[in-house]
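Engineer: Before I ask anything, let me first share the structure, which is written out below as structure tokens.
Read-outs throughout are calculated quantities, based only on the coordinates presented, and are distinct from any laboratory measurement. All values reported here derive from a predicted model rather than from experimental measurement. Methodologically, a virtual Cβ is constructed for each residue, glycine included, from the backbone with ideal geometry; neighbour enumeration extends over all protein chains shown.
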Amino acid sequence: MAMAKSLSPPAVLIFALLFSYAASIASSQATSSSDGFLQCLSASIPSQLVFTQSSPSFTPLLKSSIKNPKFFTPSIVRPLYIVTPTNASHVQAAVLCGRRNGMRIRVRSGGHDYEGLSYRSERPEVFAVLDLSNLRAVRVDRQTSTAWVDSGATLGELYYAVGKASNLLGFPAGLCPTVGVGGHFSGGGFGMLLRKYGLAIDNVVDAVLVDAKGRLLNKNTMGSDVFWAIRGGGGESFGVVLSWQVKLVPVPATVTVFNVPVSASQGAVDVVTRWQQVAPSLPDDLFIRVLVQQQTATFQSLFLGTCDALLPVMSSRFPELRFNRTSCKEMTWIQSVPYIYLGSGSTVEDLLNRTTAASVFSSGYKATSDYVRQAIPRGVWANIFSKLAQPNAGLMILDPYGGARIGGVPESATPFPHRAGVLYNIQYMNFWSMAGGDGAVQTKWIRDFYAFMAPYVSSNPREAYFNYRDLDLGENVVVGNVSSYQAGMVWGHKYFKDNYRRLAMAKSQIDPDDYFRNEQSIPPLANSN
């Protein structure tokens, strides 16, 4: 076999010089685009709203919304700049300056993106972060039972404003109060009101979007396909959604919550097995989710009514839980929000704390998701409990579907397709101390457990929830400076099923050059590769 010839010393020198020259050209081009971007911004945005990597405030600002500290290490690809707009014109300027100077924009509202794609890149890339935390107004109109909420607001801030306006109004979105509205809404958004009122996006009636041309568009001017797409298809693929108009929903003056733990020795395997059949078929006013960790299943519930009304429903429909009056806690809907997520000692004012539950996010974590359409047999649940008892094991969160407002909506009505026939969603999570390692063991546990669950969950495609983003499901491939439609199908069908194609068509309408992109953004169909 012929041996490859080694380069002679002069050839090595020439090669090194060429490599060095190419690197310097790339570096100078990046510097040039960076300088141009900054100069362009200076004409439209006050300098105190723009932070470079050398700014003393850059690192604290970047870190402020990072909820997964594994994405705050020296090896992570960080933005060159952070722009903190205070009005729509600043966002328009950032987009226009970015396009003119080859500076891509990633948009961050709350920073909960499970893969951190709103503020970091998987691969080397020149980009800036548009941090929307200064755009967080909530304007509630009691007369019409609607509200305008900016993308930079948190769910806690939205809930607080609604609760202040009326104790008879609520909004169906997620549990964690520090989640940003922009990311949460654009991925679907569900919580304890899911079975009664559907997803957050099912209650969005208008939106304001800055597109890749810097135009300010509303529901009518962006067009029906794009308005459809941003409600569940990932808003960051289509532009920067500045604000959302939502329809608020009626809630009773008194709601009931409970939190009932059942250990394995108390029959948790049997109760969870039974829960699969019961929870999706209960009255829509009743939502019972399950947290399964180690050898305990904890049943958390929100009931839109009094304890007296709940007791007979539980005794007749779910006697296996052995629920009784001592577990009942009555309160207003707005009081139930912090109670369920933050605990019994929390207050409504805690919803305004954008760093609430920071201790939860002091550990690195890995997460992924599944959808269950056929009840998992008891024997499998016994095996699941055994796996959850292993060292370094994670946890499961089971959220029931089955209500008319989630299951009665056609799959094509919104990009979120996980509707009729779904019994429940599973979220898998595993945590580790950043001081104790890189999480390789815990991440492997998640991946192994996900593989183990394959026979018992949805298939063709194996469905996943976009807001529980997982890059293990696939990543975009950029061909000719445009994300490949075909490569995107690998992950796109899991999140969106047959809606993926329509999302790509909408992307072609609003951003055919693929300016707004990340590792799991919707590719344009017209320019597909």
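Engineer: Could the peptides 150-157, 72-79 be put in order, highest first, of the mean number of other beta-carbon atoms found within 10 Å of their residues?
Structural biologist: The peptides rank, most packed first, as 150-157, 72-79.
Engineer: List the residues whose amide H sits under 5 Å from the amide H of Ile522, counting only those 5 or more places along or on another chain, with H placed 1.01 Å from N in the peptide plane.
Structural biologist: Ser237
Engineer: Hey, can you grab everything whose amide H is under 5 Å from the amide H of Tyr114? Only 5+ residues off in sequence or another chain; H modelled, so Pro and N-termini drop out.
Structural biologist: So Tyr114 has HN proximity to Arg469.
Engineer: Now for a separate question. Projected onto the charge dipole of the chain (+1 at Lys/Arg Cβ, -1 at Asp/Glu Cβ, origin at the Cα centre), which of Leu242, Phe37, Pro124 gives the Cα projection farthest towards the positive end?
Structural biologist: Checking the options against the dipole of the chain, the answer is Pro124.
Engineer: Return the FRET efficiency for the residue pair Lys444, Ser265: r is the Cβ-Cβ distance, R0 is 35 Å, and the value is rounded to the nearest 0.05.
Structural biologist: 0.75
Engineer: Excluding Tyr197 itself, calculate the net charge of residues whose Cβ lies under 10 Å from the Cβ of Tyr197, where each Lys or Arg counts +1 and each Asp or Glu counts -1.
Structural biologist: +2
Engineer: Restricting to Cα atoms and excluding each atom paired with itself, what does the Kirkwood estimate give for the chain in Å?
Structural biologist: Over the chain, the inverse of the mean reciprocal pair distance is 24.3 Å.
Engineer: Projected onto the charge dipole of the chain (+1 at Lys/Arg Cβ, -1 at Asp/Glu Cβ, origin at the Cα centre), which of Thr273, Asn87, Gly183 gives the Cα projection farthest towards the positive end?
Structural biologist: The Cα lying farthest towards the positive end belongs to Thr273.
Engineer: Shifting gears a bit: Could you tell me which of the pairs Lys70/Lys507; Lys387/Lys444; Lys63/Lys164; Lys219/Lys247; Lys219/Lys507; Lys366/Lys387 are separated by over 22 angstrom between their Cα atoms in the structure shown? Mind dumping the intermediate values first?
Structural biologist: On the way: Lys70/Lys507 31 Å; Lys387/Lys444 13 Å; Lys63/Lys164 31 Å; Lys219/Lys247 15 Å; Lys219/Lys507 16 Å; Lys366/Lys387 17 Å.
From Lys70/Lys507; Lys387/Lys444; Lys63/Lys164; Lys219/Lys247; Lys219/Lys507; Lys366/Lys387, over 22 Å: Lys70/Lys507; Lys63/Lys164.
Engineer: Report, in debye and to the nearest 20, how large the dipole of the chain comes out about its Cα centre when Lys and Arg carry +1 and Asp and Glu carry -1 on their Cβ.
Structural biologist: My answer is approximately 180 debye.
Engineer: Using the Cα gyration tensor of region 476-523, with a ≥ b ≥ c the square roots of its eigenvalues, what is the shape: rounded (a/c below 1.5), prolate (a/b larger than b/c) or oblate (neither)?
Structural biologist: Oblate.
Engineer: Further, regarding this structure: Evaluate the Kirkwood expression for the hydrodynamic radius of region 138-250, namely the inverse of the mean inverse distance over all pairs of different C-alpha atoms, and round to one decimal in Å. All intermediate terms of the calculation are to be shown ahead of the outcome.
Structural biologist: Working: mean 1/r = 0.0723 Å⁻¹.
Every distinct Cα pair counted, the radius reaches 13.8 Å.
Engineer: Set Lys and Arg Cβ to +1 and Asp and Glu Cβ to -1, take the dipole of the chain about its Cα centre, and tell me which of Pro461, Leu398, Gln442 lies farthest positive.
Structural biologist: The Cα lying farthest towards the positive end belongs to Pro461.
Engineer: Calculate the FRET efficiency for Arg100 and Glu125 from the Cβ-Cβ distance with a Förster distance of 22 Å, rounded to the nearest 0.05.
Structural biologist: For Arg100 and Glu125, the calculated efficiency is 0.80.
Engineer: Rounded, prolate or oblate, given the Cα gyration tensor of region 59-142, with a/c below 1.5 counting as rounded? All intermediate terms of the calculation are to be shown ahead of the outcome.
Structural biologist: Values: a/c = 2.42, a/b = 1.23, b/c = 1.96.
Taking the square roots of the gyration eigenvalues as a ≥ b ≥ c, region 59-142 is oblate.
Engineer: Sort region 409-476 into rounded, prolate or oblate with this rule: let a ≥ b ≥ c be the square roots of the eigenvalues of the Cα gyration tensor; rounded if a/c is under 1.5, and if a/c is not under 1.5, prolate when a/b is larger than b/c, oblate otherwise.
Structural biologist: prolate
Engineer: For region 395-529, give the magnitude of the charge dipole about the Cα centre (Cβ charges: +1 Lys/Arg, -1 Asp/Glu; no others), in debye to the nearest 20.
Structural biologist: Around 340 debye, computed over region 395-529.
Engineer: Take the alpha carbon atoms of region 148-212, find their center, do the same for region 120-135, and report the distance between the two centers in whole angstrom.
Structural biologist: That distance is 23 Å.
Engineer: Once you keep just the Cα pairs under 8 angstrom separated by 6 or more residues, what percentage relative contact order results for the chain? Let's see the in-between values first.
Structural biologist: On the way: 1108 pairs, mean separation 76.0, N = 529.
Once divided by the residue count of the chain, the mean separation gives 14 percent.
Engineer: Going by Cβ distance under 4.7 Å, what cysteines of the chain have no possible disulfide partner?
Structural biologist: For the chain, the answer is Cys176, because their Cβ atoms have no other cysteine Cβ under 4.7 Å.
Engineer: Suppose R0 equals 51 Å; then what is the FRET efficiency for Ser412 and Ser54 from their Cβ-Cβ distance, rounded to the nearest 0.05?
Structural biologist: Once rounded, the FRET efficiency stands at 0.55.
Engineer: If amide H atoms are built 1.01 Å from N in the plane of the peptide, which residues on other chains or at least 5 residues away come under 5 Å of the amide H of Val262?
Structural biologist: Hits under the 5 Å cutoff: Ala297, Thr298, Phe299.
Engineer: What is the magnitude of the charge dipole of region 138-250 about its Cα centre, with +1 placed on the Cβ of each Lys and Arg, -1 on the Cβ of each Asp and Glu, and no other charges, expressed in debye to the nearest 20?
Structural biologist: Computed charge dipole of region 138-250: roughly 240 debye.
Engineer: Taking the Cα centroid of region 315-344 and of region 255-282, what is the distance between the two, rounded to the nearest whole Å?
Structural biologist: 12
Engineer: Related question: Packing-wise, with mean Cβ within 10 Å as the measure, how do 508-514, 213-219, 426-432 rank, highest first?
Structural biologist: 426-432, 508-514, 213-219
Engineer: Let me ask something additional. Using θ = phi - 60° and the Karplus form 6.51 cos²θ - 1.76 cosθ + 1.60, what ³J(HN,Hα) does each residue of region 222-231 get, whole Hz, x for Gly and Pro?
Structural biologist: Karplus values, whole Hz, x for Gly and Pro: 7, x, 5, 5, 6, 4, 4, 5, 6, 8.
Engineer: Note the full-extension length gain between Lys164 and Val77 as 0.36 nm times their separation in residues minus their Cα-Cα distance, in nm to one decimal.
Structural biologist: 27.2 nm
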